[in-house]
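The values are calculated or read from the model by the stated rules, or taken from the named source; none is laboratory data. These numbers come from a predicted model, not from an experiment. Cβ sites come from the backbone with ideal geometry, for glycine too, and all protein chains shown count toward neighbours. Side chains included, ligands, DNA and RNA excluded: accessible areas come from the protein's heavy atoms. Shrake-Rupley method; radii C 1.70, N 1.55, O 1.52, S 1.80 Å.
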2 protein chains.
Amino acid sequence: VTGLTILPIEGIPEVREGDDLAALLQGAAEVEEGDIVVVAQKVVSKAEGRVVQIDDVVASERAKELAADHDPRELEVILGEAVRIVRARPPLVIAETRHGFVCASAGVDHSNAAGLGTVVLLPVDPDESARRLHERLGVAVIVSDSFGRPFRQGTTDVAIGVSGLTPLLDLRGVHDAAGYELRTTTIAVADEIAAAAELVMGKTAGIPAVIVRGLDLRGEGSARDLVMPAERDLFR
Amino acid sequence: VTGLTILPIEGIPEVREGDDLAALLQGAAEVEEGDIVVVAQKVVSKAEGRVVQIDDVVASERAKELAADHDPRELEVILGEAVRIVRARPPLVIAETRHGFVCASAGVDHSNAAGLGTVVLLPVDPDESARRLHERLGVAVIVSDSFGRPFRQGTTDVAIGVSGLTPLLDLRGVHDAAGYELRTTTIAVADEIAAAAELVMGKTAGIPAVIVRGLDLRGEGSARDLVMPAERDLFR
């Protein structure tokens, strides 16, 4: 049994709207068959122009209520990205995005934006973003983002876009050595891969993508598979 | 920048109560300075004798109510490990353990137990379990377990015991290239390491521990740091 290696993709310049992200990744990394490339959501969003100038935003009354001492225009952008407010403690808002993700600020991020006075939104369709990169790079692709979670402190990276791999490993019906059906029925491997990738992205500034080598999970699926269906969600 | 490597620790036999887990790990792996050893909770619990014979358990009325078509004696064990039932949809119970973890079945597991008719409980003090292994192995140790999470499908491994490393990387006050304070204030690196480790443990049967090499996060802290304090928990 060999292990797993996570290699940083270095030398990607600051990404701007319209940049050919696949070409930038191809120029910086040599992928091998079975590799998985994990790309941080921020660079995907920037390449796709999902950046809002905060000066162009007019805050509604609702945004002002939720903003507390924060910039209400940022809350206005968050409200625009949200289909449902799950929890709010101004200025903290946990919202469901149109993709079905439940996360802080509906995924709107004011860090690492291309200059001050801007916020970055999630891609319109992160699975489609992953699919386009997968097609160009020839290996499985995960678009990752940092999400908080109930009950535990700190964020971990999760998969918000997936192409070319199975995001959930289904062990239902698999029996362990003692003959028991495994309690852990499904493992969110795409989220575990995103988390592992963050460790390498976070080690050094300016690493927006990594190669995960040594796991072959080629298959079908999308990041929507990772979203708990409403009818099964005990925390809705 | 070099990457991160995760190496399986192979050749660990089936662990039983009273086994010297540190000696088993030392016999199977050569650790280097700065390594992190991740050990699956199941083998830690088994070595510590945290195994219950289900025939020794008498189910209470409450356990019978929660069991639906499952074995009420198993629910009785779960109730014994729980300080609070967070959600229940019989026979599924999400509970808070005395360590403060919120997880399915209060961490009680009937898979991979040492023979049929047994269930495995979480260690009494997983941080102390990690501390003892850390002392013997001379490197940082994480005890990991598979937890489900609200809003997302599938489990990811998280850290339930930590010794010799900082489980949360605090980025508050750190500014990014554009001058903004990073929104992601704290990264749960110990959980990301546990998740990364699971990818290698899960690849092959019988890999209860791995070495994570290439991240030096030596420091202080415990898995309790990863538990969201009640007063900050929007989902309590």
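Quick notes
- Across region A:8-93, Cα pairs under 8 Å and at least six residues apart give a relative contact order of 23 percent.
- Label point 7 Å beyond Cα along the C-beta direction, distances from A:ARG236 to other copies (nm, shortest first): 2.6
- Hydrodynamic radius of region A:34-81 per Kirkwood, over alpha carbon pairs, in Å: 12.5
- Förster-model FRET efficiency, 30 Å R0, B:ARG98 and A:GLU231, C-beta, rounded to 0.05: 0.40
- Among beta bridges from DSSP that stay inside the protein assembly as shown, the antiparallel ones total about 85%.
- With every protein chain in place, the protein assembly as shown: carbon and sulfur % of accessible area (1.4 Å): 49
- Phi angles across region A:90-101 convert, under the Karplus curve 6.51 cos²θ - 1.76 cosθ + 1.60 with θ = phi - 60°, into 3J(HN,Hα) values of x, x, 7, 10, 9, 9, 8, 8, 5, 7, x, 6 Hz, Gly and Pro given as x.
- The angle between the Cα long axis of helix B:126-137 and the longest principal axis of the Cα atoms of chain B comes to about 50 degrees, rounded to the nearest 10.
- Couplings 3J(HN,Hα) for region B:221-233, derived from phi with the Karplus relation 6.51 cos²θ - 1.76 cosθ + 1.60 (θ = phi - 60°), are x, 9, 5, 5, 4, 8, 7, 5, x, 3, 6, 9, 8 Hz, where x marks Gly and Pro.
- Rg and Dmax of the protein assembly as shown, based on Cα coordinates, read 22.0, 68 Å.
- Normalised contact order of region B:48-159, rounded percent, pairs of Cα under 8 Å and 6 or more residues apart: 19
- Angle in degrees between helix A:72-81 and the longest Cα principal axis of chain A, rounded to the nearest 10: 40
- 32 Å Cα-Cα threshold exceeded, pairs from A:LYS42/B:LYS203; A:LYS203/B:LYS42; A:LYS42/B:LYS46; A:LYS203/B:LYS203; B:LYS64/B:LYS203: A:LYS42/B:LYS46; B:LYS64/B:LYS203
- Accessible area that becomes buried as B packs against A, both chains, 1.4 Å probe, Å², nearest 100: 7000
- For the protein assembly as shown, the dipole from Cβ point charges (+1 on Lys and Arg, -1 on Asp and Glu) about the Cα centre works out to 900 debye, to the nearest 20.
- Cα-based Rg / Dmax (Å) for region A:1-48: 12.3, 42
- Mean shadow area of region B:1-131 over all directions, Cα convex hull, nm²: 10.1
- Once the convex hull of all Cα atoms in chain B is built, its volume per residue stands at 142 Å³.
- Label-point separation, A:GLU128 to A:ARG172 (7 Å along Cα→Cβ), nm: 3.0
- The long axis of helix A:189-203 is offset from the longest Cα principal axis of chain A by roughly 70 degrees.
- Each stretch of four or more DSSP H residues adds -39500 (n - 2.57); spread over every residue of the protein assembly as shown, this sum gives -7500 deg cm²/dmol at 222 nm.
- Summarising the amide proton neighbourhood of B:ILE9: residues at separation of 5 or more, or on other chains, whose placed amide H is nearer than 5 Å comprise B:ALA209, B:VAL210, B:ILE211.
- Take B:ARG87, move 7 Å from Cα toward the beta carbon, and the resulting point lies 1.3 nm from the same point in each other copy, nearest first.
- Label sites at B:SER60 and A:SER60, each approximated as a point 7 angstrom past Cα along Cα to Cβ, lie 4.8 nm apart.
- For B:LYS64, inter-copy label distances in nm, listed shortest first [label point 7 Å out on the Cα-Cβ vector]: 6.0
- The amide H of A:VAL86, built 1.01 Å from its N in the peptide plane, has A:ILE94, A:ALA95, A:GLU96 as neighbours under 5 Å, considering only residues 5 or more places off or on other chains.
- Using all pairs of distinct alpha-carbon atoms, the Kirkwood hydrodynamic radius of region A:74-140 works out to 13.1 angstrom.
- Taking every C-alpha pair closer than 8 Å and separated by at least 6 residues, the mean separation divided by the residue count of region A:76-140 gives a relative contact order of 20 percent.
- Label point at A:GLN53 placed 7 Å out along Cα→Cβ; residues across region A:69-84 whose backbone nitrogen lies under 17 Å: A:73-74, A:77
- Cβ-based net charge around B:SER163, under 14 Å, with every Lys or Arg adding one and every Asp or Glu removing one: -2
- Accessible area per residue, Å², chain A with all protein chains present, probe 1.4 Å: 40
- Exposure rank, largest accessible area first [A:LYS203, A:LYS64, A:LYS46; 1.4 Å]: A:LYS64, A:LYS203, A:LYS46
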